[in-house]
1. Regarding the range 264-279, can at least one residue be identified that is within 30 Å of residue 375 (Cα to Cα) and surrounded by 14 or more Cβ atoms within 10 Å (Cβ to Cβ)?
2. Enumerate the pairs (first residue in the range 404-418 and in contact (Cβ under 8 Å) with a residue 12 or more places away in the chain; second residue anywhere and of a type in the set (Ser, Thr, Tyr) and not in a loop (DSSP other than H, G, I, E, B)) with beta-carbon separation below 9 Å, excluding pairs fewer than 6 apart on the same chain, so at least 6 apart or on different chains.
3. Please specify each residue of the range 70-103 satisfying the condition of being among the polar types (S, T, N, Q) and either in contact with a Lys or Arg (Cβ under 6 Å, 6 or more places away or on another chain) or not in a strand (DSSP E or B) (or both).
4. With respect to residue 238, determine if the residue is in a strand (DSSP E or B) and assigned by TED's automatic domain parsing to the domain that holds residue 205.
5. Going through 334, 271 one at a time, which residue ends up being over 20 Å from residue 87 (Cβ atoms) and not in a loop (DSSP other than H, G, I, E, B)?
6. Can you tell me how many residues in the range 109-147 are touching a Pro at 6+ places or on another chain (Cβ under 7 Å), on the phi > 0 side of the Ramachandran plot and surrounded by fewer than 20 Cβ atoms within 10 Å (Cβ to Cβ)?
7. Would you mind telling me which numbered condition in (1) of a type outside the set (D, E, K, R); (2) buried (at least 19 other Cβ atoms within 10 Å of the Cβ); (3) more than 19 Å from the chain's Cα centre (by Cα) residue 290 fails?
8. Tell me which residues, restricted to the range 93-108, are modelled with pLDDT under 95 and crowded, with 18+ Cβ neighbours inside 10 Å.
Amino acid sequence: MAQPPATPAGDWLRLLPDCDPAPSPPAQAALRYPRPGLPALVHAGATLVVRVALPTALTPPPGVQQDRVLVGWHAELRGGGLPLDPGLSPDAHRHPLSVYGVRPDAARSMVYRARIAVPAWVAPGSYELRLSLPDQELPLSGGPVRVLAPGSGARVGRGPGPAQSGQAALLPVDLWLAGEAPAPAALGVRPAPALEVEAGAFALQLGPRLWISGHCDDRRLPFEAGARAVAAAEGLELTRSPPAGSATGAGQAPLQVARGEGWLRLSLPAAAGTPLELPILARADGRAIAVEGASIDWYPASAVGAAAASEPLIVGLVRLEPGARVRLSRRPGAALSPRLTTRPLRPHSGQTLEVLPPAGAAGTMAPRLALNFGGGRTAFGRAAVRHRVLRPGLHAVTGLAITGDGRVGKVRHEIEVASPTAGSCGVGRSGARPGPGLACAMAGVASLGLMLRRRRRRRK
């Protein structure tokens, strides 16, 4: 399948014009983006900018008291997957999200942009966005979101869509361009979302191109002029040609699934002709998961950090080539007690420190770390993570460590951040003792006095 260049490291929607010449407040709150026909594509670890229309203006106005405005704003991504363990529902795959900014969408006072941090540990795949609002009884739902791996491009498919079997939801496609999305498979997997090319005016970035669709003159700025301004500012090629997706269809030979107590077997006949991708959902119950016939990368599938459950969920992505036979089974596993280290050990406020992952057991790879630094800052992987600490005090880093065989251990590491030294006045140094803030203030007063004396001498 042809794959376009990587989409931007964030939200692909760059322009959504206001086509209503005389807009009126909606009768009830509604998601403008993402919505069916206009899904969101976003990389894990990036920011999703949601557009939501409200029947009344927010009070206090955003930007004046942002912390008060954000009270009651909560978001969640709901995924799916084929359960490995009995009694586990695909709907249990959920990620709570941080809403860290709400602003009016330009001059449209009843439409707001909500900035939502997508954690770095969210597995690539299809999700539904649910947004809870203050004074709203039920959350807004139905927003299709496709999460991409960092640095990857969107695989665009053109096919019969709903005419395909349920197995089409397992095809290696991130976005459908023709018709509706295929019906969800019976295996609990959400299909890739569909983009309706004729569903209004919008500008989407795919790789180095800014693709504009539809005709609409915004009340403040003509759509074409706005798109040209975005393209010029960011060095993008403006085009009206939709992305060149590949004709993709599910093979005639279906995926065969067999299960028993503590095991799962997947068989894809060679006649299938097309590889399939399948998320496997499992409980982190202390046992290991042996995988034969394929390699699986495991990701968290539930809350990470202080809100993590006593028995978290994980999801593994398996790619099945035609003719593949894969077996997953539970095995006894040793308890995992990961410990982090930081360098320097005692950082100062404003200093960037390194968070070093634990080493793996002899002959095994180090576990992958899902780290939650708070404030929407997350990290995922085996490499050391650089993190800048801004305020003095005790900071907690929480998360999960996930081994290659699916064992999970909780992580909590406390970092004592000192005030800057008197000599540096804001520049931290490893190993230096914290100095009093009064010394820095006096140093600043002395510097100001010296500058004023020099100016007086020049005037004389």
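1. Keep residues of the range 264-279 that are within 30 Å of residue 375 (Cα to Cα), which gives 279.
So of that shortlist, the ones also surrounded by 14 or more Cβ atoms within 10 Å (Cβ to Cβ) come out as 279.
Yes, because at least one residue in the range 264-279 is within 30 Å of residue 375 (Cα to Cα) and surrounded by 14 or more Cβ atoms within 10 Å (Cβ to Cβ).
2. 410/398; 411/398; 412/398; 413/341; 413/342; 413/398; 415/342
3. 89
4. So residue 238 fits the description; yes.
5. Going through 334, 271 in turn, the sole match is 271.
6. Qualifying residue count for the region: 1.
7. For residue 290, the failing item is (2).
8. 97, 98, 99, 101, 102, 105, 108
The values are calculated or read from the model by the stated rules, or taken from the named source; none is laboratory data. Predicted, not measured: the structure shown is a model, and the values here were computed from it. We place every Cβ from the backbone using ideal geometry, glycine too, and count neighbours over all the protein chains shown.
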